[in-house]
Ligand code: UN1
């Protein structure tokens with residue numbers, strides 16, 4: 001595809017998503033107002049400016065908060081299945097916009113088009129999930145110790161939910177949070193990454209259509225495109241009882257303590273350092289596909305990306321050879337072109353971090369069997385394209401203990417399962433993990449309480465690509481939060497225990513006598 005042709009196609013995509021190339025606010029509801037500084041969104045695909053935006057100022061934020069507050073008072077009264085109907089309509093719109101939104105994701109953050117579409121599919125899936133949930137949201141009923149008394153739990157909306165998301169899943173992470181928050185009766189204020197503001201604007205436009213068609217207040221879903229100062233406002237806002245934060249462990253640590261200091265709740269999805277154990281009983285062809293997709297998918301910029309392979313010594317040489325062969329086949333280039341497996345990193349700072357990590361790895365004793373490097377040439381003119389690489393390391397190297405958001409894969413050798421599990425667990429992070437084996441004992445040991453300490457533990461599947469039906473999140477420095485499926489909805493509601501007395505007496509609990 002020529003540049004001119006690609007630009008023309010992208011113009012049409014932007015137009016269909018309601019995004020103009022000129023300055024626009026980033027904003028609130030359907031009314032885009034913003035009076036802050038100007039930012040441009042540049043594509044890492046070709047370095048081109050996609051569009052200019054105006055950020056919200058702190059004053060704009062206050063107005064948006066006011067609008068959210070007003071909307072919350074009304075929206076929480078809508079019956080949950082009616083709220084589910086809003087999300088059902090969002091899911092239908094997303095099906096309609098899947099092609100365009102997937103393309104914008106691919107162009108603005110550089111992931112392959114397949115993965116861009118996959119991300120929109122993840123949004124559709126969570127909408128379907130949330131619609132079903134809107135007819136449930138159930139608490140338990142208990143038996144009271146007192147005659148003629150009934151006890152049960154009910155769940156109520158929290159109010160305003162703050163969502164702070166990262167660039168790497170610029171649309172799906174919003175939808176995981178927003179779909180659940182809304183069916184639970186909350187309204188949202190979303191601060192997306194400044195590296196992917198147009199994806200956020202596109203989502204906001206789609207949501208605004210749904211709100212408008214249902215005569216709902218614009219303040220139900222609010223978008224604030226802004227910098228750290230706006231994130232700080234959300235984090236410190238007592239009127240926002242829940243902040244869902246996706247990002248680095250360093251920032252997550254600050255978010256957690258600030259939100260906790262005001263007795264708010266946070267859902268944290270922070271760094272991962274995910275490993276696949278490949279045992280001598282693995283189906284190696286499967287293991288290689290899982291490992292390569294895990295390491296180079298989204299150019300190694302998923303929280304769930306495979307960073308470490310822990311390989312049994314008896315098959316180590318064979319796995320190494322197969323990996324080198326597989327990496328030789330990888331095509332790196334414009335992610336909108338179907339033949340390319342991997343696109344660019346998000347920006348030149350990410351490239352710098354990738355280069356630093358490689359240098360540190362070498363200094364600490366790492367041996368590269370597939371060399372990295374920054375790609376040059378017309379196709380790579382954005383300076384964000386790098387070669388995925390593989391190094392043989394020790395698990396204890398400081399750089400291996402650290403999450404580098406880049407396609408660098410570390411190989412580690414093990415002798416027995418206990419050692420493999422210890423290596424897998426011996427990092428500060430605890431998001432995702434996997435084992436490749438056809439041996440039941442190995443698989444079950446890995447899944448047992450003496451096994452993986454991560455929030456996600458897979459057998460014969462890689463570390464990335466979790467389905468939305470399960471709760472998503474991890475332990476240790478990953479932050480402990482759970483989003484999307486299972487009972488993650490409970491985070492978005494407050495629990496109330498209710499006891500009703502339908503007798504003419506007032507017996508006290510625990511048999512206490514109190515006569516007057
Ligand atoms: C993330 O990297 O922040 O499991 C989310 C996966 C995707 C979500 C990743 N479903 O890889």
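Just so it is clear, none of the values below were taken in a lab; they were calculated from the coordinates. If you're wondering where the values come from, they're calculated on a predicted model, not measured in any experiment. Here the Cβ positions follow ideal geometry from the backbone for every residue, glycine too, while neighbour counts run over all protein chains shown.
What to note about this one:
- Three-way shape call for the range 265-409 based on the alpha-carbon gyration tensor, with the a/c threshold at 1.5: rounded
- Counting every alpha-carbon pair across the range 52-134, the share separated by more than 16 Å comes to 66%.
- Whole-angstrom gap from the range 225-291 to the range 345-368, using each part's C-alpha centre: 22
- Where only C-alpha atoms are counted, convex hull volume of the range 1-145 per residue in Å³: 163
- In degrees, nearest ten, helix 3-16 long axis to first principal axis of the chain (Cα): 10
- Degrees, to the nearest 10: 58-75 long Cα axis against longest axis of the chain: 50
- Based on C-alpha pairs under 8 angstrom that are at least 6 apart in sequence, the chain has a relative contact order of 17 percent.
- Fraction of C-alpha pairs exceeding 19 angstrom in the range 169-307: 60 percent, rounded to a whole number.
- Relative contact order computed over the range 183-279 (Cα-Cα under 8 Å; 6+ residues apart), in percent: 23
- Debye intensity ratio in log₁₀ form over the Cα atoms of the range 336-455, taken at each q of 0.17 Å⁻¹: -0.94
- The relative contact order of the range 110-214, computed from alpha carbon pairs under 8 Å that lie at least 6 residues apart in sequence, is 26 percent.
- The peptide list 221-231, 455-465, put in order of mean Cβ contacts within 10 Å with the highest first, becomes 221-231, 455-465.
- When the P(r) is computed for the range 79-234, the part past 19 Å accounts for 55% of the Cα-Cα pairs.
- With Cα atoms, 0 to 90° folded angle of helix 113-133 axis to the chain main axis: 20
- Peptide packing for 485-497, 276-288, 193-205, 404-416 was compared via the average number of neighbouring C-beta atoms within 10 Å per residue; ordered from the highest value, the list is 193-205, 404-416, 276-288, 485-497.
- The spacing between the range 115-136 and the range 423-486, judged by their C-alpha centroids, is 22 Å.
- Packing rank of 508-516, 424-432, where each peptide gets the mean count of other beta carbons within 10 Å, highest leading: 424-432, 508-516
- Neighbour counts of C-beta atoms inside 10 Å place 104, 49, 113, 447 in the sequence 49, 447, 113, 104, starting with the fewest.
- Global form of the range 435-516, assessed from the alpha-carbon gyration tensor, a/c cut-off 1.5: prolate
- Global geometry of the chain, whether rounded, prolate or oblate, following the gyration tensor of its Cα atoms and the 1.5 cut on a/c: oblate
- Helical runs (DSSP H, four residues minimum) scored at -39500 (n - 2.57) apiece and divided by the length of the chain put the mean residue ellipticity at 222 nm at -12000 deg cm²/dmol.
- 304, 499 arranged by Cβ crowding within 10 Å, fewest neighbours leading: 499, 304
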